[in-house]
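Notes for the one structure printed next.
The values are calculated or read from the model by the stated rules, or taken from the named source; none is laboratory data. Fair warning: this is a prediction, and the values are worked out from it, not measured in the lab. Using ideal geometry, Cβ is built from the backbone for each residue, glycine included, and neighbour counts are taken over all protein chains shown. In case anyone asks, the SASA skips ligands and DNA or RNA and just uses the protein heavy atoms, side chains included. Shrake-Rupley method; radii C 1.70, N 1.55, O 1.52, S 1.80 Å.
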Amino acid sequence: MNKRLLTILSLLFLLFANAASASHIVGGEFTYKYLGDSAGFRRYEVSLSIYEDCYNGQPEAIFQDNPAYLALYLQNAAHTRINLDTNIQFTPPAISVPANFSNTCVTNVPTVCLLKKTFIKRYALPPSPVDYLVSYQRCCRNSSIMNIFSPGDNGSTYFCVIPGGAINSSAVFKNYPPQIICINNPLVYDNSATDADGDSLSYEFCGGLLGASDADIKPIPTPPPYDSVKYIPPFNAKSPITGFPPIQIDPVTGTISGTPNRLGRFLVTVCCTEWRGGVAINVSKREFQFVVTDCSKVVVADIPQLSDAPNTYIVNCQDYNVPFVNNSKGGFTYKWDFGVPESTTDTSTEFQPTFIYPDTGTFTVKLVVNPGSTCPDSITRLVKVYPKFNAAFADSGQQCPGLPIIFQDLSSATIKPITLWKWTFGDGDSSFEQNPVHTFRYGGTYNVMLVSQNIKACRDTAVQQVVIQNFKPTAGDDTIIVKGEHIRFDAQGGVLYQWSPSTNLDNPNVRDPLGYYPDTGSYTYNLFVKSAYGCEGFDTITVRVVGQAYFVLPNAFSPNGDGLNDVFRPRAVGYRDLKSFRVFNRWGEQVYYSETLEAGWNGNYKNVSAELGVYFWEIKYIDRFGGEGVMKGDVTLLR
């Protein structure tokens, strides 16, 4: 073989490999059907459906999807593979999925093409104490997906679990996934399923799974466990697409609703759980890519979502009267159906009507904009009417810092039970208990809020102010006096005071007793204080009695701004008054002067830092007997 031919073949191989790994698969799902027993085996028909982008996808890549590789594993500790089929041909024909979109109502309809291919495999399985798992893997996802990391380098895993014990057919999604989703326009998509066994179904958003890589685009499916894709914040498995109102899935009906507010391609996975006798027996997963585009719709029917409940206009828990808001665009006529069963008079042609419902219940309201015209649009929302519901509460206990306050829920509901209580206490703390006990650390006025909700999603809010007394009992500052002197105490914080011991006090049961100390010593008093609200607290104070008056001054200080020893000031014990406090440099210049003890010298002279070295100080004072005196010394300034 010559080199030129070898080069051409190599290029063809690379082109074929790239085509095979192209991002044309945009979703997939497994279902299975129980066919009956035969010779002690349970027969199942398993269907794998994949959705192919036939507009952007390369034909070679689409061609390579056939055949599919399916592996069957036991869900034991070793995940034993018991069957592998690498030649499962899809069951013709490939279905061209309809866009289900009115072109006449959009000025710039995106071009779409979507194929659904189904691969069918039948298994005869013995009853087993462990479940069975059927798996399929393929690479790669569309590289423009916005809500997960590295989508173009990672593929998908689709699987289903067949119970080893219970006889079961899986749930089957009823509708095709949507192809065209318009930004800033309400989305209401029925993603519900049916179940042949009559099992109860619930729905939720869940995580997509990583699968094959670009190195092996269609591998033999590996056994579980399978890793989840990694979502780019703020996206996650439960919130895969942004919207206002948020994109939600109703856990009961499977309806996906909300108003998408960001252009792009988003991976969305829905899990449908089958419940039998209150026990989950199976989960069916559908993975798809939602593409939000700028559709420029001429007519948009829009009833806003005023409730947190999925696709719900309002939950009216006060009366039966519901005023409707119409946010539609491009309309000139309107037809409302308020959803009362077996009623023919529950309609209106007003732009924003008000309707009085005859009873409690959940009603499906439909609004058609421009009915009968060439360009109509419609929307449905739920209205829930369950009056009455009122949130209320009471509190009890001493309203003092550090003491427990008991909160009692007094919410009332016609339809019970009440299922949710959320308390916020105004100090940063919260609780989800029905009747919480909370302690406020500090005095002040706190806005306490209770949000309660019943089983029908009726919600109400109650707010009350709780006043906690600013109770700060204090006996005053520790002090030093000279023997033979009196001191007048000055306690604060209450209306009742008790000092103990009562040594040297003229009255231990008043706020400001007079203490007299004929001899030296140290005296510590414990003070009990009670406020007008009944708050109780304690504090202590120490009185040290010395033999004679004195000044305390450091022999050095360092005004460098570190907060330690930055100011040179005297402390006086036993003197009646200070006449002056002066500081001089070595040339006799006065660098500081004061007639009080509070300020002190900060080491500056004429607004600049004084030189390092020794400075001299002089204090003139009046003693406790009225005599005048002078005291001198020196201090060293350091930095």
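Going residue by residue through segment 169-177, is there one that turns out to be crowded, with 19+ Cβ neighbours inside 10 Å and at pLDDT below 95?
Of segment 169-177, the ones crowded, with 19+ Cβ neighbours inside 10 Å are 169-171, 173, 177.
Going one step further and asking which of them are at pLDDT below 95, we end up with 177.
The answer is yes; a qualifying residue exists.
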With respect to I281, is the statement that it is aliphatic (A, V, I, L, M) and over 28 Å from the mean Cα position of the chain (by Cα) true? yes
Within segment 281-320, the residues that are assigned to a strand (DSSP E or B) and either of a type outside the set (A, V, I, L, M, F, W, C) or farther than 24 Å from G254 by Cβ (or both) are N282, S284, K285, R286, E287, Q289, T293, K297, T312, Y313, N316
Within segment 308-327, tally of residues that are open to solvent by 20 Å² or more (accessible area, probe 1.4 Å) and either within 13 Å of R381 (Cα to Cα) or out of contact with any Lys or Arg (no Cβ under 7 Å at 6 or more places or on another chain) (or both): 10
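Filtering segment 461-495 down to residues that are within 44 Å of the chain's Cα centre (by Cα) and open to solvent by 40 Å² or more (accessible area, probe 1.4 Å), which residue is nearest to F528 (Cα to Cα)?
Pass one, segment 461-495, residues within 44 Å of the chain's Cα centre (by Cα): 461-474, 493-494.
This time we only want the ones that are open to solvent by 40 Å² or more (accessible area, probe 1.4 Å), so: 461, 463-465, 467, 470, 472, 474.
Working: T461: 41, V463: 35, Q464: 32, Q465: 29, V467: 23, N470: 16, K472: 12, T474: 9 Å.
Ranking the candidates gives T474 first.
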Counting only residues that are under 19 Å from N311 (Cα atoms) and acidic (D, E), segment 324-372 contains a total of 1
With the requirement that a residue be of a type in the set (F, W, Y), in contact with a Pro (Cβ under 8 Å, 6 or more places away or on another chain) and open to solvent by less than 70 Å² (accessible area, probe 1.4 Å), what does segment 500-556 give you? Y525, F551
Of the residues in segment 59-106, how many are open to solvent by 60 Å² or more (accessible area, probe 1.4 Å), among the aromatic types (F, W, Y) and part of a strand (DSSP E or B)? 0
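Can you pull out the strands (runs of 3 or more DSSP E) entirely within segment 525-639 that have at least 3 residues that are within 29 Å of T474 (Cα to Cα) and charged (D, E, K, R)?
Correct list: 536-546.
Residues checked against (1) at pLDDT 95 or above; (2) among the basic types (K, R); (3) touching a Leu at 6+ places or on another chain (Cβ under 8 Å):
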| site | (1), (2), (3) |
| --- | --- |
| L450 | yes, no, no |
| I455 | no, no, no |
| A462 | yes, no, yes |
| V466 | yes, no, no |
| F471 | no, no, no |
| D477 | no, no, no |
| I480 | no, no, no |
Every listed condition ((1) open to solvent by 30 Å² or more (accessible area, probe 1.4 Å); (2) part of a strand (DSSP E or B)) holds for S135 save (1)
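Restricting to segment 257-285, name every residue that is out of contact with any Pro (no Cβ under 8 Å at 6 or more places or on another chain) and of a type in the set (A, V, I, L, M, F, W, C). Working first, answer last.
Our first condition is that a residue be out of contact with any Pro (no Cβ under 8 Å at 6 or more places or on another chain); within segment 257-285, this holds for 260-265, 270-280, 283-285.
Result: L263, V270, C271, C272, W275, V279, A280, V283.
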Taking the conditions exactly as written (in contact (Cβ under 8 Å) with a residue 12 or more places away in the chain and in contact with an Asp or Glu (Cβ under 6 Å, 6 or more places away or on another chain)), does R576 satisfy them or not? no
With modelled with pLDDT under 95 and under 27 Å from C295 (Cα atoms) as the only criterion, which of Y189, Y231 stands out? Y189
Go through (1) of a type outside the set (F, W, Y); (2) part of a loop (DSSP other than H, G, I, E, B); (3) under 30 Å from V300 (Cα atoms) and name the single condition K366 misses. (2)
Find the strands (runs of 3 or more DSSP E) located wholly in segment 160-264 whose residues include 1 or more that are of a type in the set (D, E, K, R) and under 26 Å from V299 (Cβ atoms), and list them. 187-190
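In segment 381-393, which residue that is part of a strand (DSSP E or B) and among the aromatic types (F, W, Y) is modelled with the highest pLDDT? First the steps, then the outcome.
To start, the set of residues in segment 381-393 that are part of a strand (DSSP E or B) comprises 381-385, 389-390, 393.
Still in the list and also among the aromatic types (F, W, Y): 389, 393.
On the way: F389: 95, F393: 98.
The residue in question is F393.
What residue, of E628, E595, is under 30 Å from G547 (Cβ atoms), loosely packed, with under 11 Cβ neighbours inside 10 Å and at pLDDT 90 or above?
E628
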What do you reckon, is D337 open to solvent by 10 Å² or more (accessible area, probe 1.4 Å), farther than 29 Å from S412 by Cα and among the charged types (D, E, K, R)? yes
Near pairs, Cβ below 6 angstrom, 6+ apart or cross-chain, from segment 514-525 (among the polar types (S, T, N, Q)) to any residue that is in a loop (DSSP other than H, G, I, E, B) and surrounded by 13 or more Cβ atoms within 10 Å (Cβ to Cβ): T520/K483
